[in-house]
Amino acid sequence: METTTAEHIIWQEADLIRNEFPILKQTVNGRPLVYLDNGATTQKPVSVIRSMQEYYTTYNSNVHRGVHTLSQQATAAYEAARHQVAAFIGAHHHEVVFTKGTTDAINLVANGFRKDILKEGDEVIISAMEHHSNIVPWQLACEEKNAKVKVVPINEKGELDMDKFRSMLNSRVKIVAITWVSNTMGTVNPVKEIISLAHEQGIPVLLDAAQAAAHIPIRVHELDVDFLALSGHKLFGPTGIGILYGKESWLDKLPPYQGGGDMIKHVTFEKTTYNEPPLKFEAGTPAICEAIGLGAAVAWASKLGIHRINAYEHQLTEYAINALRGIPGLRFIGEAKHRSGAISFLVGDTHPSDVGVLLDQQGIAVRTGHHCTQPLCDLFGIPGTVRASLAVYNNTEDIDRLVEGVQKAVTLLG
Amino acid sequence: MTIKEQQDRIIEDFEVFGDWMEKYEYIIQLGKDLPLIDPKYKTDDNLIRGCQSKVWLHAELIGGKLVFTADSDAVITKGLVGLVIQVLSGQTPKDIAEAEIYFIDAIGLTSHLSPTRSNGLLSMLKQIKLYAIGYQAKSLQN
């Protein structure tokens, strides 16, 4: 499995990468921590932690307001972070709106569509593997406008039915909102094909990239995607910050989401004019420190190279799947050809929550439950899954500990 | 046995376990041994939803004592439910309503009561208290 190709992260380097994450050097319940819950949130490298500490220690100040030095420093760092994130996803900086996270970004778009675009009888296409945060905002929008949420089905491997998707595209569809990577099954969807098919009919596409950002290189202009949402905390950055990428034409067109400071050009009691995007969508004092932390996080990931992270994780995922497959009675939920990050499974008739509790006793952090994809679990007729989700700082030892831990759990539950 | 005596007995039982595996083996066994709830009571009305696992709880007042039967789809949750039932079932509504539950903490299983576990155990304890308070109020009216 070891490789010396420059394109790949070699094992010595993997150890150095792991060393940059202080939290991983601890024991939990008496055993060295194995952190395999990266789909829920990733850990933070020391450079991110330092950037945030430096902000509060040396130049904490409000942005876009003061003439004083600290305010200018804070504004410069906040806007530099926007440039860093823009470069990370191949966008212009004025197309990057800071949000609270992916959920907030999707709500921003769904709210705009509800207000100005959706009409009775219109349709919004999502898929059967969406996270609740890419289901409920569209349901809320559609309920109010008597529009319909249409769901692209999946096959038993957890892959989108693309023939069905093609047949669902028509003039009533106002947007396709789909996840790039399934948080439950790790399926990587054919987003290029989805975008080009939708665009053939003049339909915009929103990608939920929450589970893609730390694993797959993102080039929004090459993809020609209309909207893309991601969360900082799933990308080695802090919580409370994420972004919405929107094509300039769309950000101009969408109405403001919230009103307040920073998003205005001029306010009178009769009429307010709004700031240009992206500030039009950033009402109130933003999460300045978190944005700076996110900037440091994408700088960290860029330096390593997401394509190299991707190649490393691909090998690690294969190693994990092969190792887990050796556990008697284990079945995978989701066996897509193209996958990334998450590996979901069940063993025999054990309940995922029981397995999760017993793994925790052995210092192994996984997620159990429905992973905010209840409709997907209903589809498979299961209460949830045990999900191990990988990041670049995981290694084969983590996987070996997981396999050993699951075996022990299953024996105890026997 | 009073609720306090039941709790102290469980705490004493747990003192013999050398490591987490023995402790969980015992809980899992309890889960497997818990008398089955009558299927007619395994209804949506009796369902206490946790995010992770489900708990069904049925309460009946028999001779002035509240008797609980329960089930869960997860065996560790079921074992924990079994412990709660050992402590509280067959006691009077007044005693249950006034009881302080300390044994879960004392046997090192506090994390199972954390809301993030969402295993239904915390909601089940609340529901048992609500039944007790409800029956107590009812008996005062009569």
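Do any strands (runs of 3 or more DSSP E) entirely within the range B:1-111 hold 3 or more residues that are surrounded by fewer than 18 Cβ atoms within 10 Å (Cβ to Cβ), and if so, which?
Output list reads B:54-62.
Within the range A:324-339, is even one residue at pLDDT 95 or above, under 30 Å from A:Val191 (Cβ atoms) and in a helix (DSSP H, G or I)? Scanning the range A:324-339, I find at least one residue that is at pLDDT 95 or above, under 30 Å from A:Val191 (Cβ atoms) and in a helix (DSSP H, G or I), so the answer is yes. Being in a loop (DSSP other than H, G, I, E, B), more than 27 Å from A:Ser344 (Cα to Cα), open to solvent by 30 Å² or more (accessible area, probe 1.4 Å) and not polar (S, T, N, Q) is the filter here; which residues of the range A:138-175 pass it? Hit for the range A:138-175 is A:Arg172, nothing else.
Condition (residue is in a loop (DSSP other than H, G, I, E, B), open to solvent by less than 30 Å² (accessible area, probe 1.4 Å) and more than 23 Å from A:Ile216 (Cα to Cα)) applied to the range A:101-108: is it met by at least one residue? Checked against the condition, which is being in a loop (DSSP other than H, G, I, E, B), open to solvent by less than 30 Å² (accessible area, probe 1.4 Å) and more than 23 Å from A:Ile216 (Cα to Cα), the range A:101-108 yields no hits at all. Figure legend. Inter-residue proximity from the range A:310-325: first residues under 15 Å from A:Glu404 (Cβ atoms), second residues open to solvent by less than 60 Å² (accessible area, probe 1.4 Å) and in a helix (DSSP H, G or I), beta-carbon distance below 7 Å, spacing 6+ or different chains. Indicated pairs: A:Tyr319/A:Thr396; A:Tyr319/A:Ile399; A:Ala320/A:Ile399; A:Ala323/A:Ile399; A:Ala323/A:Val403; A:Leu324/A:Val403.
Here A:Ala311 qualifies as touching a His at 6+ places or on another chain (Cβ under 6 Å), open to solvent by less than 30 Å² (accessible area, probe 1.4 Å) and small (Gly, Ala, Ser).
Residues are listed down the side, and each one gets a yes or a no for (1) crowded, with 22+ Cβ neighbours inside 10 Å; (2) touching a strand residue (DSSP E or B) at 6+ places or on another chain (Cβ under 8 Å); (3) at pLDDT below 95:
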residue	(1), (2), (3)
A:Gly186	yes, yes, no
A:Glu193	no, no, no
A:Leu207	yes, yes, no
A:Ala210	yes, yes, no
A:Ile216	no, yes, no
A:Arg219	no, no, no
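Is it fair to say A:Tyr55 is over 22 Å from the mean Cα position of the chain (by Cα), away from chain B (no Cβ under 14 Å), open to solvent by less than 70 Å² (accessible area, probe 1.4 Å) and not aliphatic (A, V, I, L, M)? Taking the combined requirement at face value, the residue satisfies it. Filtered by the rule that a residue be hydroxyl-bearing (Ser, Thr, Tyr) and either at pLDDT 95 or above or not in a loop (DSSP other than H, G, I, E, B) (or both), the range A:351-402 gives A:Ser353, A:Thr368, A:Thr385, A:Ser389, A:Tyr393, A:Thr396. Only one of the listed residues (A:Gly414, A:Gly356, A:Gly405) is without any contact (Cβ under 8 Å) to a residue 12 or more places away in the chain and closer than 19 Å to B:Tyr26 by Cα. That residue is A:Gly414. Looking only at the range A:342-383, count every residue that is at the interface with another protein chain (Cβ under 9 Å from one of its Cβ atoms), over 25 Å from B:Asp71 (Cβ atoms) and open to solvent by 10 Å² or more (accessible area, probe 1.4 Å) and tell me the total. Number of matching residues: 0.
Yes or no, residue by residue, for (1) surrounded by 17 or more Cβ atoms within 10 Å (Cβ to Cβ); (2) not polar (S, T, N, Q):
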position: A:Ser61; (1), (2): yes, no
position: A:Gln72; (1), (2): no, no
position: A:Ala91; (1), (2): yes, yes
position: A:His131; (1), (2): yes, yes
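Has the range A:404-411 got at least one residue that is at positive phi, within 13 Å of another protein chain (Cβ to nearest Cβ) and either modelled with pLDDT under 95 or surrounded by fewer than 20 Cβ atoms within 10 Å (Cβ to Cβ) (or both)? Within the range A:404-411 (the criterion being at positive phi, within 13 Å of another protein chain (Cβ to nearest Cβ) and either modelled with pLDDT under 95 or surrounded by fewer than 20 Cβ atoms within 10 Å (Cβ to Cβ) (or both)), the answer is no, since none of the residues qualifies. The helices (runs of 4 or more DSSP H) found wholly in the range A:1-98 and carrying at least 3 residues that are in contact with a helix residue (DSSP H, G or I) (Cβ under 7 Å, 6 or more places away or on another chain) and farther than 30 Å from A:Leu316 by Cα occupy A:69-89.
The values are calculated or read from the model by the stated rules, or taken from the named source; none is laboratory data. Predicted model only: the values in this text are computed from it and were never measured. A quick note on method: Cβ atoms are made from the backbone with ideal geometry, for glycine too, and the neighbour counts reach across all protein chains shown. Accessible surface is based on the protein model in full, side chains and every heavy atom, while ligands, DNA and RNA are left aside. Shrake-Rupley method; radii C 1.70, N 1.55, O 1.52, S 1.80 Å.
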